[in-house]
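I have placed the structure first, in the form of structure tokens, so that the comments after it can refer back to it.
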Amino acid sequence: MKRRAERPSLWLLFVGLLMIGLGIYVWLHPAEAILVLGLYFGVAFLMSGSAFLISFFSGTSSWNLAQGILEIILGILFVLDIGVTLVSIPIILAFWGLFIGVLGLTAAYHLFVMGAPQWIWTALSGLLGILFCFLVILNPFAGLLTATMLIGIYLLLYGILSLVEYFSGR
């Protein structure tokens, strides 16, 4: 017996717009973004993690609980120690991308089984996270500016795919 797919949460729209805005900012102001990247990401992760927790407590997938907790922990880490964060941000974000990518692929599989049309966009978002992870890990000496540009691309694409997923499931 197939379960019926839920309509995408309004929080997915919020997260998509937030990530697009952050991605565009990072691309337009890479030098400034490097100096305050930890704080920006900390606030974004705190907001995004809170949105996923609210989504979980309103009855959606338990994967939202896992993603919400991870993003809140990253947000606190990024805000509390900017110096350490700037040194470690490429690797931390690579593992975040891997985790979110695996969650995305798992969610895409469940959406596929339920017959939801947005499964393909969820799968692409998951694959993008995994690709981002390996690009950063394979080239850790590329410098913070290069990592910042990769992060901007990833955030922009993550946000766009979140919006496509939101609107395709409506």
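Assorted remarks:
- Residue count for region 71-96, restricted to those that are more than 17 Å from the chain's Cα centre (by Cα) and surrounded by 14 or more Cβ atoms within 10 Å (Cβ to Cβ): 6
- Residues in region 14-27 include none that are of a type in the set (A, V, I, L, M), open to solvent by less than 70 Å² (accessible area, probe 1.4 Å) and farther than 23 Å from GLY152 by Cβ.
- Matching residues in region 42-66 - criterion: being out of contact with any Gly (no Cβ under 6 Å at 6 or more places or on another chain) and closer than 17 Å to LEU22 by Cβ: VAL43, ALA44, MET47, SER48, SER50, ALA51
- Within region 28-60, the set of residues being modelled with pLDDT of 85 or more and in contact with a helix residue (DSSP H, G or I) (Cβ under 6 Å, 6 or more places away or on another chain) comprises ALA44, PHE45, LEU46, SER48, GLY49, ALA51, PHE52, LEU53, SER55, PHE56.
The values are calculated or read from the model by the stated rules, or taken from the named source; none is laboratory data. No experiment lies behind these values; they were computed from the predicted model shown. We place every Cβ from the backbone using ideal geometry, glycine too, and count neighbours over all the protein chains shown. Areas reflect the complete protein model, heavy atoms only, side chains present, ligands, DNA and RNA absent. Shrake-Rupley method; radii C 1.70, N 1.55, O 1.52, S 1.80 Å.
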